[in-house]
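Encoded as structure tokens, the structure appears first; notes follow it.
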Amino acid sequence: MPSHKIQFILKNNRQSEIHFLEGEVHFLMSQLLHQMVGRYFVIIDEKLTKVFPCLIDLIQVPTLVLSGTESSKSLETVEKIIHFLHENQCRRADFLIVIGGGCLGDVSGFAASIYKRGITWHFFPTTLIAQVDSSIGGKVAINTPYGKNQIGAFWPARHVYIINTFLQTLDVQNYNAGFAEIIKLALLVGGDLLKVIQADEMPAISKLVILCVEAKLKVIDEDWIEDVDGTRIGLNFGHTIGHAIEKISPNLLHGEAVALGMKVELYLAKCMGKLTFCVQNLDKLLGKFNLPTAFQHYISEEQWPSFSTILTQDKKNETDNICFVIPLLDKAKYASPVQIKKLHLSLTQLKKNLFYDKFN
């Protein structure tokens, strides 16, 4: 059973736990579901029911099968979940179990946060990007026609169960996309995680996931609700530009868009005279995991009107300028990130930097 466990207390005195487990999926899920105490309901990604048909046989409670794609993060899906809970007479003391990737966790966690003013939920993240990022920290949200994660809440899962063998079901593209968030975190925290991700040989993925979770918890430890001047804002590195790219190029996975977003935001920071990571070195790191680096391959100047409109709707914007976040470096060491800085750039200057200064 659990080979490693992290417990922590949130500021509202709610206790959460993250469990790391190694072993065969069917056996672990059977054991965990059998140990659940209380009345609960299950939401599961439809892809998993095909890859692990035995999971449905294990679940002996009302179950809702949903698509776990980005398009599922919608009010329509929230309504389906609420209807499912209502039809099965879910009470406030009951809880929800969610088995799937980050998109399914986001929408299901959001539904849990508003149903009867909030019910407890547990999350089994099944993709790399969900295990190292979205399952940790309690952000839940849905998209709107105006942009990503425009409606959301902070509602952490009470228990997160990270089963490493779920990752064996991922294709290469989805697996590699998870490394964009790992690279982002490594650039933010530096230290051992950055050394590991830059090394020629990678550790076992189970060890890397634990390193990432521990690093993210340190970032958000004193800033669970992303205060204006808090540390958590740094986790938005790459996401201002990345979310806009993702909206314009829906064929890109979230991690792939974030990869491009990090490159663009480092480049913009350099244009503003900020001391941050080398864009060329980031290119090499992204290339190591076959992540995209050619911005203008995905966004053309003809798409600028739509692209800029999405940028203006980003949640971090405080003025008419576009806000993005970068890690600044220690001038003496030129390596360790020492500060997270919010930068603000006008749309006019941003367009010039991206399309007229031969950036790609």
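Can you tell me how the chain classifies by the Cα gyration tensor, rounded, prolate or oblate, using a/c under 1.5 as the rounded cut? Show your work: numbers first, answer last.
Values: a/c = 1.81, a/b = 1.54, b/c = 1.18.
Prolate, because a/c is 1.5 or more and a/b exceeds b/c.
Using a ≥ b ≥ c from the Cα gyration tensor of the stretch 271-319 (square roots of the eigenvalues), is it rounded, prolate or oblate, where a/c under 1.5 gives rounded and otherwise the larger of a/b and b/c decides, a/b for prolate?
Details: a/c = 2.27, a/b = 1.38, b/c = 1.64.
In terms of gyration-tensor shape, oblate.
Counting only C-alpha contacts under 8 Å and six or more residues apart, can you give the relative contact order of the stretch 172-356 as a whole percent?
Details: 248 pairs, mean separation 42.9, N = 185.
Here the relative contact order equals 23 percent.
Magnitude of the Cβ-charge dipole of the chain, K/R +1 and D/E -1, about the Cα centre, nearest 20 debye? It would help to have the intermediate numbers written out before the result.
Working: 36 positive and 36 negative charges, 127 e Å.
Value, rounded to 20: 620 debye.
Using 0.36 nm per residue, how much length does the chain from E24 to N290 gain when fully extended, once their Cα-Cα distance is taken away?
On the way: separation 266, 0.36 × 266 = 95.76 nm, distance 2.85 nm.
Difference between extended and current length: 92.9 nm.
Can you compute the modelled spin-label distance between F359 and E76, with each label point 7 Å from Cα toward Cβ, in nm?
Distance between the two pseudo-spin positions: 3.5 nm.
How high is the relative contact order of the stretch 257-360, given as a whole-number percent (alpha carbon pairs under 8 Å, six or more residues apart)?
Worked out over the stretch 257-360, it gives 26 percent.
Contact order normalised by length for the chain, with contacts defined as Cα pairs under 8 Å and 6 or more residues apart; what percent is it? Kindly include the intermediate steps, with their values, before the conclusion.
Numbers: 625 pairs, mean separation 45.6, N = 360.
Worked out over the chain, it gives 13 percent.
Taking the Cα centre of the stretch 82-179 as the origin, how large is its charge dipole in debye, to the nearest 20, when only Lys and Arg (+1) and Asp and Glu (-1) carry charge on their Cβ atoms?
On the way: 7 positive and 5 negative charges, 83 e Å.
So the magnitude is around 400 debye.
Assign one of three labels to the stretch 204-277, namely rounded, prolate or oblate, based on the Cα gyration tensor with a ≥ b ≥ c the square roots of its eigenvalues; rounded applies when a/c is under 1.5, prolate when it is not and a/b is larger than b/c, and oblate otherwise. Present the calculation step by step, with values, prior to reporting the outcome.
Working: a/c = 1.67, a/b = 1.22, b/c = 1.37.
It comes out oblate by the Cα gyration axes.
Can you tell me the length gained on complete extension of the stretch Q168 to K50, counting 0.36 nm per residue apart and subtracting the Cα distance?
Values: separation 118, 0.36 × 118 = 42.48 nm, distance 1.40 nm.
Here the answer is 41.1 nm.
In what sequence do E46, E226, E87 fall when counting other Cβ within 10 Å, fewest first? Each step should come with its number before you reach the end.
Numbers: E46 14, E226 18, E87 10.
Fewest to most other Cβ atoms nearby, the residues stand as E87, E46, E226.
Ordered by packing density, taken as the mean number of other Cβ atoms within 10 Å over each peptide's residues, highest first, how do 287-295, 191-199, 205-213 rank?
Numbers: 287-295: 17.0, 191-199: 15.2, 205-213: 19.8.
By packing density, highest mean first, the sequence is 205-213, 287-295, 191-199.
Name the residues whose placed amide hydrogens come within less than 5 Å of the amide hydrogen of Q313, ignoring near sequence neighbours (fewer than 5 apart) on the same chain.
none
Between the stretch 119-183 and the stretch 71-94, how far is it from one alpha carbon centroid to the other, in angstrom?
19
Residue separation times 0.36 nm, minus the C-alpha to C-alpha distance between D229 and L328: what's the value? Intermediate values should be presented prior to the final figure.
Numbers: separation 99, 0.36 × 99 = 35.64 nm, distance 1.53 nm.
Result: 34.1 nm gained on full extension.
None of the figures in this text is laboratory data; all of them are computed from the coordinates on show. Every value quoted in this text rests on a predicted model; they were computed, and no experiment measured them. Virtual Cβ from ideal backbone geometry, glycine too; neighbours counted across all protein chains shown.
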